[in-house]
Amino acid sequence: MLKPTAVQEQFLQMLNQNQGIVRKVCHLYSRNERDHEDLYQEIIIQLWKSFSSFRGEAKFSTWMYRIALNTAISDIRKQSRKVELSFPEFLPREEADAVDAAKEEQIKQMYSAIARLSEVEKAIVMLYLEDKSYDEMEEILGISNGALRVKMNRIKDKLRTMTKEEAYGT
Amino acid sequence: MELDQLKSIWKESDAAVSNTSAEELDKMLRMQSQSPIAKMKRNLFWELVVVATIYIGTISFYLFENKPGMLYLALMLFVIGAMYVWYYIKKRALLKNIECVTCEVRSNLSTQLVSLEKLIRLYLWLGTFLIPLVLILSFVVGLIFTDNGHFIKELGDKLIYVLIVWVIFSLICTVPMYFVNKWYVNLLYGRHVKKLRQILNEMNETPVQTNKNNNL
């Protein structure tokens, strides 16, 4: 292996500081481990290709969210070939280990419901869970603040209905 | 479970995420992008290599034959080749600007859709008009220039009728070619464009608030 260049080292450092962003996008937009790894690799390649153009005008995390979500959402061909599953084939291990069985079941239901949302809704949910403000969400997604609020309310209702359906097996 | 309750668990997972090592990163960066756009760019490059090899080889062969008919065939191929070069430059420019991964998601998708639609139109119309062009050029080369123009002299006044029949024949061939091209382009990009449009429509819609609890 060649010695990493200074730029590569800087990139690696920034990537590792924000690793969670990429991993979470991959969790939400993949159906299995293989998809997850493929998408992770694709996002890293896109981040690296764009790294030289990062001017620091936006926050690094905002820049990273944009690239990760653009890569995941644009990979439509791959998504359309996939079999539509009602339940994600994996649950993030680190999360599953940390909670008891009953809670894990609830989390699984929630993940399952999130997995059934549209690509756009998934992105909104993710940013919401990341505690991003609506201004930041607008900066990443390009959807107006007002529209995001309404969409978020709709998504919450939708998830509530879906998790209830899952819990009662309807 | 409510979405808000998932927030804390979601945040905790950050700490558990393992770092990427320099070796892993190096390995990933050596791999090629598998995105549809990266694949389209690579395909275009290989298409150029194949077309250039075939055309240069064939044109050189016809030129070295050094017969009048062959020279015109070489010229015909050169005209079609020049059109391909124009198509290549146009398609490359479109593919170069087809995505902006660092832009807002909505504007990136919008750029992708516009560029893809332009690409489809280019493919469709060029593919369709290539048929009459090739037929007319073949007519010119085949009937007028081969055999030192002997055949054209034999036709005399009938040339105009032959020409009309040929043009009609070219048009008849062009119409089904348009539909064949349309079907093929749709097969290649139809689902992608449809899905892009669907995502963009969802992003562009301004929903009417019906929920009373708007205190997010």
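Rounded to 0.05, the FRET efficiency of the A:Ser118 and B:Ala52 pair, given R0 = 35 Å and the Cβ-Cβ distance, is 0.20. For region A:107-148, the solvent-accessible area works out to 25 Å² per residue, with a probe of 1.4 Å and every protein chain left in place. Split the accessible area of region B:105-191 by element, probe 1.4 Å, and carbon with sulfur accounts for 73%. Shielding of A:65-74 by partners, i.e. mean partner chain Cβ atoms within 10 Å per residue? Mean shielding by partner chains, rounded to a whole number: 6. Normalising the Debye intensity of chain B to I(0), with uniform scatterers on Cα atoms only, and taking log10 at q = 0.07, 0.17 Å⁻¹ returns -0.44, -1.29.
Heavy atoms of chains B and A lose about 6200 Å² of accessible surface on contact, summed over both sides with a 1.4 Å probe. Ranking B:Val105, B:Ala38, B:Ile80 by how far each Cα lies toward the positive end of the dipole of region B:22-105 (charges on Cβ) leaves B:Ile80 at the top. Would you be so kind as to identify all helices of chain B, as entire DSSP H runs, whose Cα atoms reach 18 Å or more along the helix's own axis and whose mean Kyte-Doolittle hydropathy is at least -0.5? Correct list, ordered by number: B:36-65, B:68-96, B:105-139, B:159-185. By the Cβ rule of 4.7 Å, chain B holds the following cysteines without a possible disulfide partner: B:Cys173.
May I ask which of A:Lys59/B:Lys96; B:Lys118/B:Lys182; B:Lys39/B:Lys194 have a Cα-Cα span longer than 21 Å here? Where the Cα-Cα span goes over 21 Å, the pairs concerned are A:Lys59/B:Lys96. Neighbours of B:Arg92 by Cβ distance under 11 Å: Lys/Arg scored +1, Asp/Glu scored -1, total +3. Estimated from helical segments only, the mean residue ellipticity of chain B at 222 nm is -26000 deg cm²/dmol, where each DSSP H run of four or more residues counts as -39500 (n - 2.57).
Accessible surface for region B:25-152, divided over its residues, is 56 Å² per residue with a 1.4 Å probe.
The values are calculated or read from the model by the stated rules, or taken from the named source; none is laboratory data. Fair warning: this is a prediction, and the values are worked out from it, not measured in the lab. All Cβ positions, glycine included, derive from the backbone under ideal geometry; neighbour counts span all protein chains shown. When the accessible area is computed, the model is the full protein with side chains, heavy atoms only, and any ligands, DNA or RNA have been set aside. Shrake-Rupley method; radii C 1.70, N 1.55, O 1.52, S 1.80 Å.
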